[in-house]
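Chemist: I'd like to ask some things about the structure below.
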Amino acid sequence: MTAPLLEVKNLSVVFDTEGGTVHAVNDVSYTIEAGETLGIVGESGSGKSVHVLAMLGLIPRPPGRIVSGSVLFEGRDLLKLSEAELRNIRGGRIGFVFQDPMTSLNPVLTVERQLIEPLTRHEGLSRRKARERAVELLDLVGIPSADRRIGQYPHQFSGGMRQRVMIAIGLACSPKLLIADEATTALDVTVQAQVLDLVRDLKKRFGTTVIWITHDMGVVAGLADNVQVMYGGRIMERGPVRSIFKQPHSAYTWGLLRSLPHGETRLTKRLYQIPGQPPDLTEPPVGDPFAPRNPFATPRCFTETPPLRQIEGMAPGHQVAAWYDLPALLAAEQGTER
Amino acid sequence: MRSFFSALLRSKAGLFGWIILSIFVLAALLAPVLGLDSPVRGSLSARLDPPTWTGLFSPGPHPLGTDQLGRDILSRIIYGSRVTLAVAAAAVILGGIVGVGLGIVAGYFRGMTDRILMRLVDIQLAFPLMLLALLVVAALGPSLRNIIIVLALTSWIRYARIIRGQVLAVREREFVQSARAIGSGTLRIMFRHILPNVLTPALVVGTLELARVIIMDAALSFLGLGVPPPAPSWGRMLADGRTYLSTAWWIVTFPGLAIVLTVLSVNLVGDWLRDYFDPKQRGLK
Amino acid sequence: MIRYLLGKLAESAIAIWGVVTIVFFVTRILGDPSALLLPIGASPEEMARLQADLGLDQPLFLQYLSYLGNIATGDFGQSFQFGRPAMGVVLERMPATMELAFTALILGTLLGVVAGTIAALNRGRLAELVVMLFALLGQATPVFWLGIMLILFFAVDLRWLPTGGYGTPAHLVLPAFTLAVFVSASIARLLRSNLLDVLKEDYVRTARAKGLMPRVILVWHVGRNALIPVVTMIGIIMGELLGGSVVTETVFSWPGVGRLIIQAIETKDFPVIQAGVALIAFIFVVINFAIDLLYGLLDPRIRERR
């Protein structure tokens, strides 16, 4: 088997603020194979976006600071690269799609200018060649009459169209890895579905590896091969999407799944809400970060941090960081209810 | 080191402004009991005496020297600050009453009233303020009352603009809507519900306007169009001292420093107030 | 864009009308100029004849209408002092005023942009503190006092430069630098805070995520957005420079319109006061119109609004 495309090892990121040191990302390790789509799911503040931005030098430093870890991409440790070397990778080998293209696109520059920037920067294309390629890209992401619209400004596009422009920018230099951060969050449900279709289609055609960061389990279900659930700067559970949806082993994942509207339950049941507040990461709790909100927490959850591991009865590749056995507890609960 | 400098920039500046401003206001208020020389009567034997501390020939106790008529400069600066601060404060308050009032009316009634008032603001803004002030003082004649009116005339605009914006937001808030729903009168809504909500921005605008008005007042008296003599005024001291620039540098130096320090402290207090009342601007991020 | 342009043009026209109207009514309060033009002891008949000549015996509203008609052709009447058309007298002085204002504006803007950028890029360091201190002092220092102080040092003590007057580049140095200090202080402060705001914008992160060079990001993504409010500021500054010309030109004995207006006020030369003030206000309106256009060019969102 070939080496993974991206290998994150023991990554920890903190922010030095006036209120103290915020431990935003704690000892995160995972790998992504070439061609895989990894969905990273979590609430805001879970570290899901921050750790990805951090490893590419996109968090403000200070206050941000990478404390430890290594991130191997195509055999090189991104954390050891100089800013100039990272610049060569960003937008070239690794493309980005950010949330809310209203604010993520520069309001005073034309779409053309913003789209050809990575092309002239990384591929050394002339302005004319870059423009041709840019029109192709807009076409590719499904923007009608791309040749005309390329000269327009972001505010002249609808939200969905802007997000397509954003995707075109991310894909401009045919990156090995595409990182999408809440890329469909700001969109209406129908537009969101169209954009997701587009991404699935592009993925199929180019075999791009994708990291899809979202708070929405529903988005991940239709898109990702593997899912990784983060909470309090840690990975709580990780595994093939089917396995996770079928049998979550982390109480947090279980909560996220229960808060999803399903076809039949939508009208009859109130949606589940995970009780409590996300942890204060200035003083990260000892033990399992989710324990204070977890109805299944055991005493050990409050004293010792569970490692991410595979436990008995789990599908291959499925791992969880939990001291309790969720499937067994759920089964028992159902038993008592009957 | 970094946080030291940014902390210095952020709050020490406000503190500095408050302290300097308090000193000036106290000196102005206490001027009669400070045992100063007369600011208007000098002695010809003490003409153009340099400041005592320069060690040059200087018989009298004049810490900042004397002017061409032998009047003590420190005393004139302090008594001048009474005039300057009183005129500026009166102008800013008068301008504030007019500006806040019109701003509330424009923002509350919107529509035609708003459009006419804002057009008026635009027209006046097309007029360089200094020229407008000059023209009106020249027309009305320089007296204490007229100077205050003129300065107020240049200052109502900024209040009106900012307050109008605030009112447009406030009038949609629930407590205004419910006051209207229970049939409160228009005047009552404007005074009871809207006015209290725009006082804070008005205070911030007023402070920053105060700094501008002090400079404009000094400029007018520098041109001989300020509060008429014998009342001491900083601008006039500068104008008079120009003639003696090569022999008595102190006449123009110290009144100017007084203006700079006053305006600086008022600006710092204004900036501090704005940050203090607008938490969005405060803190990191 | 056309609608935006026409809208701005209409606004400018209304502003100019407003300005000349204010000038008319304010100068009419200044008093009856006929008393000044005649020797003391002139008979009431002579007075009445002169008033009829000047049109001062007509109702105020008719005077206003004929005033509007006259100034539309640039006719502000004869200067009492010079016995020539007032507008001609003013126009002769205009180049000196514009020379000073624009030199100061360009110099000050360059200084301010450099200083503001340095301050923003060195957040929390000594460089920012120094720039901000200078900017705060520059904003608090009255131009006329700074001018006098610079004359004291460079002209009276060091004798490097003339104390005042007009003609050679050496005469321009002190007044231009004095005004440039004021200009750069305002621009540096505004630009610094704009830059700091823009640096936090999401689109700057996007630009960084594209791997663009820092220089490209600073100029195209940060600078352009941060400069838009500065353009508005330049309009305000121009008003201060033109209006403040009455003061600076007095300090430096600069033979421009500002000093002319002061002289005209002293001699109650109404036609010159009217012409001078109206012309400066007119130029200010034109500059603001140009600035609105520039604003529209810089910010594409503006063009479609309204």
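The values are calculated or read from the model by the stated rules, or taken from the named source; none is laboratory data. Since this is a predicted model, take the numbers as computed values, not measurements. Virtual Cβ from ideal backbone geometry, glycine too; neighbours counted across all protein chains shown. What goes into the accessible areas is simple: the full protein's heavy atoms, side chains included, and nothing from ligands, DNA or RNA. Shrake-Rupley method; radii C 1.70, N 1.55, O 1.52, S 1.80 Å.
Chemist: Filter the stretch C:1-27 down to residues that are open to solvent by 40 Å² or more (accessible area, probe 1.4 Å) and modelled with pLDDT of 75 or more, then give me how many there are.
Modeler: Number of matching residues: 13.
Chemist: Of everything in the stretch B:186-233, what is under 17 Å from B:Val137 (Cα atoms), of a type in the set (Gly, Ala, Ser) and open to solvent by less than 20 Å² (accessible area, probe 1.4 Å)? Give them in sequence order.
Modeler: B:Ala218, B:Ala219, B:Ser221, B:Gly226, B:Ser233
Chemist: Next up: Looking at the stretch C:189-199, is at least one residue closer than 24 Å to B:Ser221 by Cβ and either open to solvent by 70 Å² or more (accessible area, probe 1.4 Å) or of a type outside the set (Ser, Thr, Tyr) (or both)?
Modeler: No, the stretch C:189-199 contains no residue that is closer than 24 Å to B:Ser221 by Cβ and either open to solvent by 70 Å² or more (accessible area, probe 1.4 Å) or of a type outside the set (Ser, Thr, Tyr) (or both).
Chemist: Being under 12 Å from C:Thr248 (Cα atoms), in contact with a Pro (Cβ under 9 Å, 6 or more places away or on another chain) and assigned to a helix (DSSP H, G or I) is the requirement here; does C:Leu179 meet it?
Modeler: So C:Leu179 fails the test.
Chemist: Any chance you could count how many residues in the stretch A:156-196 are open to solvent by 20 Å² or more (accessible area, probe 1.4 Å), out of contact with any helix residue (DSSP H, G or I) (no Cβ under 9 Å at 6 or more places or on another chain) and at pLDDT 85 or above?
Modeler: 1
Chemist: Just name the residue that is modelled with the highest pLDDT out of those in the stretch C:263-306 that are under 16 Å from C:Ala86 (Cα atoms), surrounded by 22 or more Cβ atoms within 10 Å (Cβ to Cβ) and not aliphatic (A, V, I, L, M).
Modeler: The extreme case among them is C:Gly276.
Chemist: Here's another thing I want to ask about it. Determine, yes or no, whether C:Arg159 is closer than 20 Å to B:Gly241 by Cα, in a loop (DSSP other than H, G, I, E, B) and open to solvent by 40 Å² or more (accessible area, probe 1.4 Å).
Modeler: Yes.
Chemist: Can you name every residue in the stretch B:136-185 that is part of a helix (DSSP H, G or I), charged (D, E, K, R) and open to solvent by less than 70 Å² (accessible area, probe 1.4 Å)?
Modeler: Across the stretch B:136-185, the qualifying residue is only B:Arg164.
Chemist: Moving to a separate point now. Of the numbered conditions (1) open to solvent by 40 Å² or more (accessible area, probe 1.4 Å); (2) within 11 Å of another protein chain (Cβ to nearest Cβ), C:Leu218 fails exactly one; give the number of that condition.
Modeler: The one condition C:Leu218 does not meet is (2).
Chemist: Right, another one. Which one of these is open to solvent by less than 40 Å² (accessible area, probe 1.4 Å), in the same structural domain as C:Leu298 (by TED's automatic domain parsing) and touching a Ser or Thr at 6+ places or on another chain (Cβ under 6 Å): C:Gly112, C:Gly116, C:Gly211?
Modeler: The conditions single out C:Gly112.
Chemist: Could you list all residues from the stretch B:177-229 that are closer than 30 Å to B:Asn267 by Cβ and among the hydroxyl-bearing types (Ser, Thr, Tyr)?
Modeler: B:Thr200, B:Thr207, B:Ser221
Chemist: Quick check on this structure: which one of C:Ala127, C:Ala170 is facing chain B (nearest Cβ under 10 Å) and either open to solvent by 80 Å² or more (accessible area, probe 1.4 Å) or assigned to a helix (DSSP H, G or I) (or both)?
Modeler: Residue meeting the stated conditions: C:Ala127.
Chemist: Also: Do we find that A:Val67 is more than 14 Å from chain C (Cβ to nearest Cβ), among the β-branched types (Val, Ile, Thr) and buried (at least 17 other Cβ atoms within 10 Å of the Cβ) in this structure?
Modeler: Answer is no for this residue.
Chemist: Being among the polar types (S, T, N, Q), touching a residue at least 60 places away in the same chain (Cβ under 8 Å) and either in a helix (DSSP H, G or I) or within 30 Å of B:Arg236 (Cβ to Cβ) (or both): is that true of B:Thr113 here?
Modeler: When the stated conditions are applied, B:Thr113 does not pass them.
Chemist: I'd like the residue in the stretch B:246-273 that is open to solvent by 20 Å² or more (accessible area, probe 1.4 Å) and at pLDDT below 80 and, out of all such residues, is farthest from C:Pro162 (Cα to Cα).
Modeler: B:Thr247
Chemist: Find the residue count for the stretch C:132-148, including only residues that are farther than 17 Å from C:Ala104 by Cα and either open to solvent by 20 Å² or more (accessible area, probe 1.4 Å) or more than 10 Å from chain B (Cβ to nearest Cβ) (or both).
Modeler: Here the count works out to 4.
Chemist: I've got another one for you. With respect to A:Ile211, determine if the residue is farther than 16 Å from A:Ile179 by Cα and outside any loop (DSSP other than H, G, I, E, B).
Modeler: Spelling it out, it is not the case that A:Ile211 is farther than 16 Å from A:Ile179 by Cα and outside any loop (DSSP other than H, G, I, E, B).
Chemist: Over 31 Å from the mean Cα position of the chain (by Cα) and either open to solvent by less than 70 Å² (accessible area, probe 1.4 Å) or modelled with pLDDT of 90 or more (or both): which single residue out of C:Ser66, C:Ser34 fits that description?
Modeler: Every option except C:Ser34 fails the conditions.
Chemist: Working carefully through the options A:Val50, A:Val22, find the one that is surrounded by 18 or more Cβ atoms within 10 Å (Cβ to Cβ), of a type outside the set (Asp, Glu) and farther than 21 Å from A:Glu182 by Cα.
Modeler: On inspection, the qualifying residue turns out to be A:Val22.
Chemist: Let me ask something else. If A:Met102 satisfies all but one of (1) within 25 Å of A:Val229 (Cα to Cα); (2) outside any loop (DSSP other than H, G, I, E, B); (3) at pLDDT below 90, what's the number of the condition it fails?
Modeler: (1)
Chemist: While we're looking at this one, here's another question. Could you list, ordered by first residue, the pairs with Cβ atoms under 7 Å in which the first is in the stretch A:118-129 and open to solvent by less than 60 Å² (accessible area, probe 1.4 Å) and the second is of a type in the set (S, T, N, Q), at least 6 apart or interchain?
Modeler: From the stretch A:118-129, no pairs qualify.
Chemist: Tell me, yes or no, whether the stretch C:136-153 has at least one residue that is over 20 Å from the mean Cα position of the chain (by Cα) and either more than 24 Å from B:Ser221 (Cα to Cα) or not in a helix (DSSP H, G or I) (or both).
Modeler: No, because not a single residue in the stretch C:136-153 is over 20 Å from the mean Cα position of the chain (by Cα) and either more than 24 Å from B:Ser221 (Cα to Cα) or not in a helix (DSSP H, G or I) (or both).
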